[in-house]
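This report concerns only the one structure given below.
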Amino acid sequence: MLANRVAALVLLSLAVACNVFPLLALAQTQNSQQSVTSKYPCAFIDTVNITGSYPHEQYGIGSNSTAQPFNNSYIYEWMIIPPELVAVYDFIIKNGIRVQTERHLRACVCKLKPCIRFCCSQGFFYSLENKTCSPISSIVDNFVDQDFMEIRFTNGSVGTISTSGHFLVHHGTPCEHMRTITKDNHYVHWTLHENGTIAYKNHLFSKHYCFSAFLESNKHNAMDWQWQPLACVPERLPFILGVREWTYAICLIITVICMIIILFVYLLCTDLRNTFYGVAIKSYTLCIIIGYSLLAHLTLTNPANMSKYACSKIPSFALLYLVLSFYILSFISFNFYLSFFGIILSNLMFWFIFFPIVIIAACWSFFVSFDLYNNRPVFGNEICWFDPRNWSILVYLYVPILLSCVFSGIFYILSLVKLSDGPDVDVNKLMASVSRNRFKSFWKFFGYTLSTWLVCMCSFAINCYRGERTHINYVVCLFIALHGFGSLYALVGKNQQIQNFLRKIEDEIDSDEIAEISMPMSNF
């Protein structure tokens, strides 16, 4: 019996050793490789695929001939690439968009030797009309040679060098659509420098380029071939009106309907109609109605069918009303905090506070509509809302909203501290006309609003990082609808004053019906 147990333990130990130790060794090997290749040491345009290249192994110094090789260097074009310039990539950049691919090795070769890029191979030029390489078939073709280029050296002198000897030569277009840079309908004579940069006066050319030969008239009015760098044409975002867009627009409209109901109820309620809180809620719902309606219009309308003026001004007005809505919530939070000190603000005080903020928000939206982000207008380019390929929406919309939420959060914390200072009787005295029930219902509503916009921010960050629209967009639609239903539930369903007002109306209707029934019927 004891012998069987010992044998079982020995077999179990062997099994664990045979399975765990190889896994640990594999994990250690992978970690040693990933420690070198975990970061991207340069821009993607400066890399080449070196998968399959020969590793360069160096051996330890000493008399021992069996020394193990070290250093994970690679050889490319007779150059030794150190391991800090090699990384494992699982994507490529195609037309400015990150595309997922199989894992492969890339090296930053342009950091070791300056690179030069030609759109086509020797004897071809890039046709801007056909967007393909076409053969050169004229008498002066022999004067266009990729093997020799004129460059400017660091000492200021100009000379002709061998391109293959001085540069790493790459063939191919970095984008599908290329264009020339012209000035007054003439080609710009760019200067190729010794370090591989292309410049004209103080203007540097983009790294996303390729050289192509173009015919240009010389001093003797004869046509001659000249080298011109072609730049990538930014790809226009296609207008898509699919299930995601319709779902988003419908959820926006649902929230607009809920806000209209809240506005209608607060207009009828005599107890809240002319108070600071009532005027602020009505102003908030009006801003959300206009802002969300404009967003729904932008979602369902093709920018190509909109004028340049409308494409620039409609989103600026949407930005204005969305930012204003959050700062109105800050006013309400501030009003709740002041009520603990016996300070009751009237509706006239709301307008005194509101109009300066309106002017500031209007100036902000006016500035955004005329500002540039990454050398592009924020509104009115190929999309009438914020470009999802950059972080402009974070700078111009989400940052003001976050600042407003921070202000509201500070006043909420101060109010909670004040609530915890004394018993409920003192609290009722401090809050005066602002009931505790209204305080709770407002902060429930604020929680629904904040969670909705936090989901929108997370969705934007994920989509921008991955370079594509993901299924989290449907979660945004769900939370947009939650914003409407949650506001209706908190501001109407959980507000005791509103509920008393609605019950009073219901009682009056019932009493009218009873009175009508009790009246004697007259004979015809």
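The values are calculated or read from the model by the stated rules, or taken from the named source; none is laboratory data. All figures in this text were calculated on a predicted structure; none of them were measured in a lab. Reconstructed Cβ throughout: ideal geometry from the backbone, glycine too, with neighbour counts over all protein chains shown. Ligands, DNA and RNA are stripped out before the accessible areas are found, and what is left, the full protein with its side chains, is counted by its heavy atoms. Shrake-Rupley method; radii C 1.70, N 1.55, O 1.52, S 1.80 Å.
Peptide packing: for 265-278, 87-100, the average count of neighbouring Cβ atoms within 10 Å per residue gives the ranking 265-278, 87-100, highest mean first. Just the projected area, averaged over all directions, of the convex hull on the alpha carbon atoms of the stretch 240-509: how many nm²? Taking the Cα atoms of the stretch 240-509, their convex hull projects to 15.7 nm² on average.
Loop-located chymotrypsin sites (Phe, Trp or Tyr not before Pro) in the stretch 313-421 (DSSP state not H, G, I, E or B) with no more than 14 neighbouring Cβ atoms inside 10 Å: 341.
Residue separation of residue 395 and residue 309 scaled by 0.36 nm, minus their Cα-Cα distance, works out to 28.7 nm of gained length. The accessible surface of the stretch 240-509, taken with every protein chain in place and a 1.4 Å probe, is 70 percent carbon and sulfur.
Across the stretch 103-176, Cα pairs under 8 Å and at least six residues apart give a relative contact order of 38 percent. In summary, the stretch 319-421 shows an alpha-carbon radius of gyration equal to 1.34 times the 2.2 N^0.38 Å reference for compact globular proteins. Only the Cβ atoms of Lys and Arg (+1) and of Asp and Glu (-1) were treated as charged; on that basis the dipole of the stretch 240-509 about its Cα centre amounts to roughly 100 debye. Note on the stretch 204-333: Cα-Cα pairs beyond 23 Å make up 58% of the total pair count.
With R₀ fixed at 22 Å, the C-beta to C-beta distance from residue 131 to residue 152 puts the FRET efficiency at about 0.10. Taking 18 Å as the cut-off, the amide N atoms of the stretch 482-502 that come nearer than this to a point 7 Å along the Cα-to-beta-carbon line of residue 268 belong to 488-502.
Projected label points at residue 191 and residue 246, each 7 Å from Cα along the beta carbon direction, are separated by 5.9 nanometres. Note on residue 147: accessible area is roughly 80 Å² with a 1.4 Å probe, heavy atoms of protein only.
3J(HN,Hα) along the stretch 349-355, derived from phi through the Karplus expression 6.51 cos²θ - 1.76 cosθ + 1.60 where θ = phi - 60°, amounts to 5, 4, 5, 5, 7, 6, 5 Hz, with x in place of Gly and Pro.
For residue 131, the lysines whose Cα comes closer than 21 Å to its Cα, not counting residues fewer than 8 places off in the same chain, are 94, 207.
Dividing the mean sequence gap of close Cα pairs (under 8 Å, 6+ apart) by how many residues the stretch 240-509 holds gives a relative contact order of 27 percent. For the residues 440, 313, a 1.4 Å probe over the protein chains yields an accessible-area ranking, largest first, of 440, 313.
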